[in-house]
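The values are calculated or read from the model by the stated rules, or taken from the named source; none is laboratory data. As the structure is a computational prediction, the values presented were derived from the model and not from experiment. Cβ: placed from backbone, ideal geometry, glycine included. Neighbour counts: every protein chain shown.
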Amino acid sequence: MDVGRFIEQVKLNCNISDATFWGYYSMCGMLMRLRELYRSEHSLMPWDPLPKEDISVWIASREALWEELEDEDLRPLEIGDRRYGPFDVERINAVLNTRGLVYGGGYGRFNKPTFFLSTIEREREVHGCRVYYAGRELCRDLSTSAAMLQGRSIFIRLEPLRSLLWDKYLELQGRRFGGALREAFATYGIDGTRPPEEVHGKIETLGAEVSEILLLHELGEAFEHERSGEWLDMLVNTSDRWSEFYIRGVKDLLADTSDMGPLKSIVARRHRAQLCFYVVLLDGIRKELFPEMMNAFQVFAEDGDWSVIEEARVAGYRRAVELMEALLTAWRAEGDVGDVRTLIRAFMGAGCEGKRNR
């Protein structure tokens with residue numbers, strides 16, 4: 001196997017995907033992704049300074065390349081005398097894994113094809129799923145997801161996870177009061193006053209901790225798959241980006257709060273540090289869909305009562321199931337879910353009103 005040639009093939013598909021979908025990102029989001037992609041391609045750590053002149057030239061050349069590739073289709077991948085589709089992950093990895101490499105290919109936000117090739121840090125079997133911990137990334141696209149589920153394979157990408165944790169540390173430095181963020185880092189002897197160089201080594205320890213949360217989330221998705229076919233059809237045929245964010249948010253909430261998800265495990269093990277990191281990593285839409293968790297964490301921070309976290313988990317799971325059924329009902333009836341944000345907010349408002357009436 002010519003590893004160098006295979007890297008070039010994967011990178012070509014990464015560039016074709018980026019050329020087609022770069023315009024879906026906001027200006028700020030695009031700049032952040034370009035900076036991270038530059039770091040990856042130049043083997044820089046998240047805390048290494050970026051050479052301004054070099055990165056400006058690199059961005060210009062990348063944009064020129066995208067112009068050439070924007071109308072191109074994804075290419076099949078060749079290994080030896082055999083050809084594989086770019087999403088034929090299982091068969092490709094059957095060849096690559098013997099060489100210490102792992103390949104990931106799937107669809108991310110905006111239904112953007114996303115690919116990466118990396119060394120294998122380690123791998124294991126968990127509940128019938130093959131879990132790959134991807135180490136040094138040899139090539140990747142603009143997408144920065146730290147975890148992926150593809151069939152019965154789960155990929156934990158340690159480089160994007162390291163960058164995510166470094167960004168959270170920088171966020172901590174800019175806060176006067178940190179709440180869950182401050183407690184999460186303090187568990188590992190990190191506070192916002194320490195020199196950055198003292199934090200670098202501890203980021204790896206944090207990565208091992210947070211990777212467990214990501215793994216449990218992906219396991220939750222793998223075992224909450226009864227409606228996956230219809231759900232994916234609905235997602236693929238949703239053109240509004242905010243509707244897509246909310247649809248993905250409902251699916252994420254279902255995975256987080258299921259019996260195989262991270263919250264169930266965190267409560268069972270009374271793992272306070274992981275609970276803090278879970279709360280820290282909740283994005284805006286999942287916070288909106290799961291208000292019980294933020295309220296429960298405030299109570300928990302004062303008295304350490306794990307029962308309020310479990311009650312919030314159960315309430316979140318119930319809501320995720322009801323929201324999923326409401327969305328699928330609309331999809332089955334009309335072949336379109338319409339304004340998902342309005343539907344979800346009306347649903348949640350009715351639920352809150354019902355609680356007040358009771």
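Descriptive notes on the structure:
- Condition check for M1: within 17 Å of L142 (Cα to Cα) and modelled with pLDDT under 95: no
- Hits in the range 179-194 - residues which are assigned to a loop (DSSP other than H, G, I, E, B), of a type outside the set (F, W, Y) and surrounded by fewer than 19 Cβ atoms within 10 Å (Cβ to Cβ): G179, T187, G189, D191, G192, T193, R194
- The residue list D18, D71 contains one member that is modelled with pLDDT of 95 or more, assigned by TED's automatic domain parsing to the domain that holds I120 and either surrounded by fewer than 11 Cβ atoms within 10 Å (Cβ to Cβ) or part of a helix (DSSP H, G or I) (or both), which is D18.
- Residue in the range 202-210 that is within 17 Å of the chain's Cα centre (by Cα), part of a helix (DSSP H, G or I), of a type in the set (V, I, T) and not assigned by TED's automatic domain parsing to the domain that holds H127 present: yes
- Screening the range 272-301 for residues that are outside any helix (DSSP H, G or I) and crowded, with 18+ Cβ neighbours inside 10 Å and picking the one that is modelled with the lowest pLDDT gives L282.
- In the range 130-147, the residues that are touching a residue at least 24 places away in the same chain (Cβ under 8 Å) reach residues that are crowded, with 22+ Cβ neighbours inside 10 Å and among the β-branched types (V, I, T) with C-beta atoms within less than 6 angstrom, at least six apart or across chains, in these pairs: V131/I154; Y132/V102; Y133/I156; A134/V102; C139/V10; D141/T114; S143/T114; A147/I156.
- In the range 82-99, the residues that are in contact (Cβ under 8 Å) with a residue 24 or more places away in the chain reach residues that are crowded, with 16+ Cβ neighbours inside 10 Å and in a helix (DSSP H, G or I) with C-beta atoms within less than 7 angstrom, at least six apart or across chains, in these pairs: P86/N13.
- Boolean, K112 is at pLDDT below 95, surrounded by fewer than 15 Cβ atoms within 10 Å (Cβ to Cβ) and charged (D, E, K, R): no
- Enumeration of residues in the range 134-154 that are over 21 Å from L44 (Cα atoms) and polar (S, T, N, Q): Q150, S153
- Any hit, the range 156-163, residues being outside any helix (DSSP H, G or I), touching a strand residue (DSSP E or B) at 6+ places or on another chain (Cβ under 8 Å) and not hydrophobic (A, V, I, L, M, F, W, C): yes
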